[in-house]
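S.K.: Okay, here's the structure, questions in a sec.
We did not get these values from a lab; they are worked out from the coordinates using the rules stated. What you are looking at is a predicted structure, and each value in this text was computed from that prediction instead of being measured. All Cβ positions, even for glycine, are placed from backbone atoms using ideal geometry, and neighbour counts span all protein chains on display.
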Amino acid sequence: MLQVVRSIALFYNNLPRLHKFTFGALLFLTWSMLVWQAAVYKPITESESPLPLPTTTATNSSVSTNTDADDAEPMDQPTPDDEIPKDELDETTGDASTPNEYVVSNGDTLGSILTQFGMDASDIYLLANKNSALTNLKIGQQLNWVLDDEGTLQSLTWVVSRRETRVYERAENGFKETINTLKGEWKNAVVTGKMDGSFLVSARAAGLTNSEIRAVTKALQWQLDFRKLRNGDRFSILFSREVLDGKNEQSQLIGVRMQSSGKDYYAIRSGDGKFYDREGSGLAKGFLRYPTPKQYKVTSSFNPRRLHPITGRVAPHKGVDFSIPIGSPVLAVGDGEVVVAKFSGAAGNYVAIRHGRQYSTRYMHLNKILVKPGQKVKRGDRIALSGNTGRSTGPHLHYELWVNELAVNPLTATLPRSDSLIGQDRAEYLAQVKEVVPQLHL
Ligand SMILES: [Zn+2]
């Protein structure tokens, strides 16, 4: 090494002045790149969010500096040691092999749907450009997809109708389309059961599959806390099941009735693929777009596929950063239950709220927490005062929105809405209710 330095020095001294400058600058640049890279290198598993990943070792957390941005903006790097607590029912959804799913609603396009889940624009372009049918999504249709560990799309399934499913799998130059036509027969089946132990256990005992259990908990998520059901509570569920060669191939939930402590809860599917109560009122509670009483400047946007400028590795930013003065109120964006409220390392003072079964929101770097774990909150409730705690280089709020175990862009995601059916849609729905409800006997 000394020999190398000596030869460089010798060489340097023999250079003309301009060359000296260039060479020196080059040397400095090379040196600083080496040092900088070593200082900022972060393994991919140390991504910022409380993903249910194996936890990383503590040694990694000592080497972080924020690098990829404007020094003027506050930055953060929360670490994944803040998993939100899970219950038994999550096991039917939390499984990595379970694809993400989305029901097409009014105004959606393939691009708008996949973009809010952070998918790469070039993949969306490849899909839409080579398969023009995909630009014709209809309300109520379902999309499922599978991502790899880096959030890259591997396959997309489009349930066109009960009979037709199209699958797009990543191939060499884009995506390969396979059209599956199902030949089974659809039959309605009513399944009844009684709570004996947890809902998961009771529903399995009644003969429901995991995906059917998931459909039921999703349909009733805004009305019921499944963990509060008691032994002796009863349920009746109408499925349309496809039978092929005597075997159940797939099923669609048509309606569910849950009787708990003498009270009946209903959710019936409408033509738009969503569930409403018996009057056609929406069951979802609306969400606020912003977790603050007023809008603040976004200093770092959502980007699950963000590449680290030096290492070239994926270093996701799973939320949005708002530049916001210390002590400003932070609001719950929807009704829910506080599941985390504590100081937590890089996240600083950290609050997580669970909304229904599918949604959760996370708020980090807070100055003061105003809620406790287990506390029920309403949309718009003050949950904290913003701050600059944890791994953060300036006052800001890091806010995340998760849907079905996946972080989505809080600024563009389709939020649950409390829409009700009107006009012709409502008339058709009420006719459907008249047919379905009498079948949901206990
Ligand atoms: Zn952030």
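S.K.: Please list the non-local residues whose amide H lies under 5 Å from the amide H of ASP335, H modeled 1.01 Å from N, same-chain partners needing a gap of 5 or more.
M.R.: ARG379
S.K.: Another question, then. Multiply the residue gap between ASP277 and GLU435 by 0.36 nm, knock off their C-alpha separation, and tell me the result in nm, one decimal place.
M.R.: Result: 55.5 nm gained on full extension.
S.K.: I've got another one for you. How far apart, in nanometres, would the label points at ASP419 and GLU88 be if each is projected 7 angstrom from Cα along the Cα-to-Cβ direction?
M.R.: The two pseudo-label positions are separated by 3.6 nm.
S.K.: Amide H neighbours of HIS396 under 5 Å, at least 5 residues apart or on other chains, H built in the peptide plane: list them.
M.R.: Result for HIS396 returns ILE324, GLY387.
S.K.: Quick check: pseudo-label points 7 Å beyond the Cα along Cα→Cβ at ASP120 and SER301, how many nm apart are they?
M.R.: Between ASP120 and SER301, the simple spin-label model gives 1.8 nm.
S.K.: Specify whether the C-alpha gyration tensor of region 328-400 places it in the rounded, prolate or oblate class, a ≥ b ≥ c being the square roots of the eigenvalues: rounded for a/c under 1.5, otherwise prolate if a/b is larger than b/c and oblate if not. Please list the in-between numbers first.
M.R.: Values: a/c = 1.91, a/b = 1.71, b/c = 1.12.
Note, shape of region 328-400 comes out prolate.
S.K.: If I model a spin label as a point 7 Å beyond the Cα along the Cα-Cβ vector, how far apart are those points for ASN106 and ARG162 in nm?
M.R.: Placing both labels 7 Å beyond Cα along the Cβ direction yields 2.6 nm.
S.K.: Decide, for region 104-181, between rounded, prolate and oblate: order the square roots of the alpha carbon gyration tensor eigenvalues as a ≥ b ≥ c, take rounded if a/c falls under 1.5, and otherwise choose prolate if a/b is larger than b/c, else oblate.
M.R.: oblate
S.K.: So if we plug the beta-carbon distance of ALA189 and LYS372 into 1/(1 + (r/R0)^6) with R0 = 41 Å, what FRET efficiency do we get, rounded to 0.05?
M.R.: Once the sixth-power term is evaluated, E becomes 0.40.
S.K.: If you count, for each residue, the other Cβ atoms within 10 Å and average over each peptide, how do 173-179, 265-271 line up from highest to lowest?
M.R.: Output ranking for 173-179, 265-271: 265-271, 173-179.
S.K.: For GLN250, list long-range residues whose amide hydrogen, built 1.01 Å from N in the peptide plane, is under 5 Å from its own amide hydrogen.
M.R.: Excluding prolines and chain starts, which carry no amide H, the hits are GLU242.
S.K.: Something else now. Please give the charge dipole size of region 104-181, origin at the Cα centre, charges +1 on K and R Cβ atoms and -1 on D and E Cβ atoms. Round to the nearest 20 debye.
M.R.: The calculated dipole for region 104-181 is roughly 480 debye.
S.K.: Hey, another quick one. Taking a 19 Å limit on the Cα-Cα distance, which of the listed pairs LYS218/LYS247; LYS183/LYS247; LYS263/LYS376; LYS274/LYS376; LYS318/LYS372; LYS86/LYS228 fall beyond it?
M.R.: LYS218/LYS247; LYS263/LYS376; LYS274/LYS376; LYS318/LYS372
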